[in-house]
Amino acid sequence: MRTTPIPTAARRPVALGSALAAALVLGGCGAEVEPDAKESGTVTVKRCGEPVEYTVPERAVAYEGGSADKLFALGLTEHVHGYVMPPANPPVTESPWASEYAKVKMLSDDLLNKEVVVEAESDLVVAGWNSGFKDERGITPEILDKLGIQSFMHTESCFNYPGHPERMSPFEALYTDLERLGEIFRVEDRAADVVDGLKKRVAEVGSKAPTGDPVPVFLYDSGTDQPFTAGNQVPPNDIIKAAGGRNVFDGLDERWTQVNWESVAEAEPEVVVILDYGDQPAQKKIDFLRKSAHTKGLPAVRKNNFFVLDYNEGISGPRNIDGLEKFATYLRELEG
């Protein structure tokens, strides 16, 4: 999950492929809940590296599309009270789970804060560390613990969580989140099915990936004076790698991070992935790269090798695999 606030802008429609449709049938309906989902008692599940006791939530609040998507993919709509959707996110009507979003409340279109959670009488908040949860905004798992409100953090964001860090590859973190949420809501079997389906799709992509040296790829998030990009701790790194490419900044032990244009030029990327969000639509970023003295000579720019990755395909959530499949198809066509 990104760590900088981003302004609003209109979004373009997203087409749903057959693989995504299958995933919706598997986990997105939200209509049925396993018989033991409302059982009493607690279960101990890790919140980053910290073991925490959870009761089954009935009024969960999700921050951003990645959090809500994870809950909806597990069929947990009736346990979700509402969502907070800041400006970076595309409209929920474009989501594969649009019908599930329509069944719960839109609580805010701003950044996550303690007041909106308390007012919603939430019993669980799902968000990332240093994005949804943040010391500077006065909403952290520790603060919510004192208020008697449960919290769950995306494992992908636990890399630098103070006191209880946890590190794993972004795709493994996605699978882990689904499994842990399955434990919290007592829908372990359903979570296992969803994770198995995602893993099979990733394996299918891997079986078709181009052979030979991986194509060098630069992810351009934002920034003109200095570019904001993806290190090895966020989903685009795994998307690029699993598709048969190489993130030119995969050596940076960071999540979303700032670099300089000189290092981008030295890497000579053959493909630029554009993260599309907010009031900086993809075409505006592409136009900048074509005109900037720093980037107009890059191999990717000269060859017009741009791939647009949707915001919710780039932050931790089930749609990471949609982004992977699309990018893998792009690379194969590029090779051809």
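The values are calculated or read from the model by the stated rules, or taken from the named source; none is laboratory data. Because the structure is a prediction, the values reported are computed rather than measured. So basically every Cβ, Gly included, is an ideal-geometry build from the backbone, and we count neighbours across all protein chains shown.
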Residues in the stretch 194-214 that are under 20 Å from the mean Cα position of the chain (by Cα) and touching a residue at least 60 places away in the same chain (Cβ under 8 Å) total 6
Can you tell which of 304, 320 is among the polar types (S, T, N, Q) and out of contact with any Asp or Glu (no Cβ under 7 Å at 6 or more places or on another chain)? 304
How many residues are modelled with pLDDT under 95 and either of a type in the set (Asp, Glu) or in a helix (DSSP H, G or I) (or both) if we restrict to the stretch 145-177? 2
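For (1) touching a strand residue (DSSP E or B) at 6+ places or on another chain (Cβ under 8 Å); (2) in contact (Cβ under 8 Å) with a residue 24 or more places away in the chain; (3) surrounded by fewer than 23 Cβ atoms within 10 Å (Cβ to Cβ), each residue gets a yes or a no:
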position	(1), (2), (3)
229	yes, yes, no
236	yes, yes, no
246	yes, yes, yes
252	no, no, yes
If I filter the stretch 76-85 for residues that are surrounded by fewer than 24 Cβ atoms within 10 Å (Cβ to Cβ) and closer than 29 Å to residue 280 by Cβ, do I get at least one hit? yes
Does the stretch 273-287 hold any residues that are touching an Asp or Glu at 6+ places or on another chain (Cβ under 7 Å) and surrounded by 21 or more Cβ atoms within 10 Å (Cβ to Cβ), and which are they? 275, 276
Any residue at all in the stretch 41-61 that's of a type in the set (A, V, I, L, M, F, W, C), in contact with a Phe, Trp or Tyr (Cβ under 9 Å, 6 or more places away or on another chain), crowded, with 24+ Cβ neighbours inside 10 Å and touching a residue at least 40 places away in the same chain (Cβ under 8 Å)? yes
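Matching residues to (1) within 28 Å of residue 298 (Cβ to Cβ); (2) not in a strand (DSSP E or B):
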residue	(1), (2)
179	no, yes
197	no, yes
210	yes, yes
218	yes, no
233	yes, yes
238	yes, yes
246	yes, no
Can you tell me which residue is farthest from residue 168 (Cα to Cα) among those in the stretch 254-275 that are within 25 Å of the chain's Cα centre (by Cα) and charged (D, E, K, R)? 270
Please verify whether residue 287 is in a helix (DSSP H, G or I) and either under 29 Å from residue 211 (Cβ atoms) or free of Cβ contacts under 8 Å to residues at least 40 places away in the same chain (or both), treating the condition exactly as stated. yes
Can you tell me which residue in the stretch 288-336 is modelled with the lowest pLDDT, limited to those that are crowded, with 23+ Cβ neighbours inside 10 Å and among the polar types (S, T, N, Q)? 312
Mind checking which pairs have a first residue in the stretch 124-136 that is of a type outside the set (A, V, I, L, M, F, W, C) and a second that is part of a strand (DSSP E or B), Cβ under 7 Å, 6 or more apart or different chains? 128/153; 132/63
With the condition kept exactly as written, say whether any residue in the stretch 74-82 is outside any loop (DSSP other than H, G, I, E, B), of a type in the set (A, V, I, L, M) and closer than 20 Å to residue 310 by Cβ. no
Being of a type in the set (Gly, Ala, Ser) and under 30 Å from residue 153 (Cβ atoms) is the filter here; which residues of the stretch 259-316 pass it? 278, 282, 314, 316
Between residues in the stretch 297-323 that are outside the structural domain of residue 170 (by TED's automatic domain parsing) and of a type in the set (Val, Ile, Thr) and residues that are surrounded by fewer than 23 Cβ atoms within 10 Å (Cβ to Cβ) and in a loop (DSSP other than H, G, I, E, B), which pairs lie under 6 Å by C-beta distance while being six or more apart or on different chains? 301/295
Which of the residues spanning the stretch 88-124 are of a type outside the set (A, V, I, L, M) and more than 18 Å from residue 319 (Cβ to Cβ)? 103, 105, 108, 109, 110, 113, 114, 115, 119, 121, 122, 123
